[in-house]
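The values are calculated or read from the model by the stated rules, or taken from the named source; none is laboratory data. Just so you know, these numbers come straight off a predicted model, no measurement behind them. Methodologically, a virtual Cβ is constructed for each residue, glycine included, from the backbone with ideal geometry; neighbour enumeration extends over all protein chains shown.
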Amino acid sequence: MFTLRLASGREARVQAGHPWIYRSEIARVEDEGEPGAIAHVLDSRERFLGQAMVNLRSQIAGRLLSRGEEPVDGPFFERRIRQTVARCGRSVQGPDACRLIFGEADHLPGLIVDRYAGLLVIQILTAGMERVREIILGALRATIQPRAIYERNDVSSRRLEGLELRKGFAWGDGETGVWVQEGDLSFFVEVAEGQKTGFFLDQRDNRRVVKGLAAGRDVLDCFCYSGGFALSAAAGGAASVIGIDLSAGAIAWAERSAERNGLSPRCTFTIANAFDALRACDREGRRFSMVILDPPAFTKGKEAVAGALRGYKEINLRAMKLLTPGGILVTCSCSYHVDAPMFLKMLREAAADAHREFQFREFRTQAPDHPILLAAKETQYLKCAILEALN
Ligand code: SAH
């Protein structure tokens with residue numbers, strides 16, 4: 001039987017509930033299976049720890065699926081999927097647009113499933129999940145009864161697992177552009193061409209907070225993508241909203257959603273580099289009473305953290321300078337490697353350089369359909385600080 005034995009002294013993290021086994025933590029491999037095959041994981045004294053999907057060519061060589069010895073087969077995955085979608089806030093009849101499965105944090109490592117009305121979008125990120133792709137598709141159809149399932153397996157990290165990149169309908173067919181409802185707003189989501197699986201579901205609750213703070217404000221939403229924050233602010237009664245993004249597609253979707261919600265008269269969307277736009281606003285002496293910054297991850301690795309922090313500091317410093325007294329800065333980072341303490345330190349330095357004082361209203365994270373595994377800090381990646389300018 002395919003078995004991994006962990007090295008002595010390297011078992012504590014896995015024992016404490018973390019799902020990953022690094023290659024360097026393995027002392028011995030027996031009867032090695034194909035990439036992605038299921039192995040029994042033992043501690044250094046040969047005690048059973050669980051069953052993992054194993055790919056020895058990846059740094060993260062094992063991802064724990066189960067702490068028990070039950071067979072990992074079709075009924076196993078169907079049970080897991082049923083349990084996951086039944087967890088709080090996840091009901092299949094629930095919100096139109098939500099994440100149903102968030103990989104490791106839902107004990108389904110390497111699998112992402114998002115729901116956009118009747119359309120499911122899946123991402124399979126590991127060789128282990130790729131091996132059971134058909135089982136997963138069958139289990140999703142049985143439990144959720146979607147209209148179609150689209151796969152966005154065009155994620156570059158698949159290469160680290162020896163997997164090809166592809167996208168397209170995995171089951172069923174039809175339109176790839178769908179309208180979804182979030183609160184009282186309709187958003188257009190393009191699942192084939194959009195970023196991630198089409199929409200930034202992780203910011204849902206932060207958009208709601210922005211909506212509650214926006215009344216009467218002049219809002220600048222930098223890195224606005226398809227208008228999530230911008231339209232939420234407009235729906236919350238903002239006096240004017242400017243959304244900026246580099247992607248022409250995203251801006252077109254934002255305009256489409258603004259129109260559909262009757263918010264176009266107060267919203268302007270522009271294709272531009274947000275770094276340049278922030279600089280230009282300062283030069284022209286423009287001021288805003290709310291600025292939102294939700295840039296893409298500036299680093300995907302530990303080595304580039306210093307450069308990422310310089311990028312964050314530049315946009316935050318500029319945004320702070322554009323705020324009127326009493327203005328609100330909503331500033332986010334989805335770079336896992338820039339953790340909360342680093343992000344807050346950067347904000348303090350930016351505020352000092354901008355000669356502005358702020359009250360820290362809230363420190364927020366990803367929406368609860370992107371659950372955080374207490375034992376695995378890697379599952380928490382989103383930071384969203386809400387600051388109010390005192391001067
Ligand atoms: N706030 C959005 C998500 C933003 S994702 C929401 O809630 O839906 C980050 C966005 O930044 C992407 O849309 C990407 O196109 C955009 N982007 C990346 N670099 C940029 C730059 N230099 N200037 C402006 N937009 C940029």
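Between ARG166, ARG147, ARG158, ARG141, the distinction of being surrounded by 20 or more Cβ atoms within 10 Å (Cβ to Cβ), of a type in the set (Lys, Arg) and without any contact (Cβ under 8 Å) to a residue 60 or more places away in the chain belongs to ARG158 only.
When LYS321 is tested against (1) farther than 20 Å from LEU246 by Cβ; (2) at pLDDT 95 or above; (3) exposed (fewer than 12 other Cβ atoms within 10 Å of the Cβ), only condition (3) is not met.
Given the range 143-200, what strands (runs of 3 or more DSSP E) lie entirely inside it while holding 3 or more residues that are under 28 Å from GLY74 (Cβ atoms) and over 20 Å from the mean Cα position of the chain (by Cα)?
The qualifying strands (runs of 3 or more DSSP E) are 166-171.
Just give me the residues in the range 263-287 being within 16 Å of the ligand (Cβ to nearest atom) and either part of a loop (DSSP other than H, G, I, E, B) or touching a Gly at 6+ places or on another chain (Cβ under 8 Å) (or both), in sequence order.
LEU263, CYS267, THR268, PHE269, THR270, ALA272, ASN273
May I ask you to verify whether TYR116 is within 15 Å of the ligand (Cβ to nearest atom), hydroxyl-bearing (Ser, Thr, Tyr) and out of contact with any helix residue (DSSP H, G or I) (no Cβ under 7 Å at 6 or more places or on another chain)? Considered against the rule, which asks whether it is within 15 Å of the ligand (Cβ to nearest atom), hydroxyl-bearing (Ser, Thr, Tyr) and out of contact with any helix residue (DSSP H, G or I) (no Cβ under 7 Å at 6 or more places or on another chain), TYR116 comes out as yes. Screening GLN83 on (1) assigned to a strand (DSSP E or B); (2) closer than 25 Å to HIS370 by Cβ shows it passes everything except condition (1). As a summary of the residue check, SER257 satisfies the conditions (1) assigned to a helix (DSSP H, G or I); (2) more than 10 Å from the ligand (Cβ to nearest atom); (3) of a type in the set (Ser, Thr, Tyr); (4) touching a Lys or Arg at 6+ places or on another chain (Cβ under 7 Å) except for the one numbered (4). Residues that are within 16 Å of the ligand (Cβ to nearest atom), outside any helix (DSSP H, G or I) and of a type in the set (Gly, Ala, Ser) within the range 288-316 comprise just one, ALA297.
Can you work out which of the residues in the range 181-217 that are closer than 15 Å to SER232 by Cβ and of a type in the set (Lys, Arg) is nearest to the ligand (Cβ to nearest atom)? Residue satisfying both the conditions and the ranking: ARG207.
Residue pairs whose Cβ atoms lie under 6 Å apart, sitting 6 or more positions apart in sequence or on different chains, and linking a residue in the range 210-233 that is more than 20 Å from MET320 (Cβ to Cβ) to a partner that is of a type in the set (D, E, K, R), are TYR225/ASP245; GLY228/ARG207; SER232/ARG207; SER232/LYS211. I need every pair where a residue in the range 4-26 that is among the small types (Gly, Ala, Ser) has its Cβ under 6 Å from the Cβ of a residue that is outside any loop (DSSP other than H, G, I, E, B), sequence separation at least 6 or different chains. Partner pairs satisfying both residue conditions: ALA7/GLU25; ALA7/ALA27.
Please determine whether any residue of the range 358-378 is within 12 Å of LEU293 (Cβ to Cβ) and either in contact with a strand residue (DSSP E or B) (Cβ under 8 Å, 6 or more places away or on another chain) or free of Cβ contacts under 8 Å to residues at least 60 places away in the same chain (or both). It would help to see each step written out before you state the result.
Quick first cut of the range 358-378, residues within 12 Å of LEU293 (Cβ to Cβ) only: none.
No, the conditions are met nowhere in the range 358-378.
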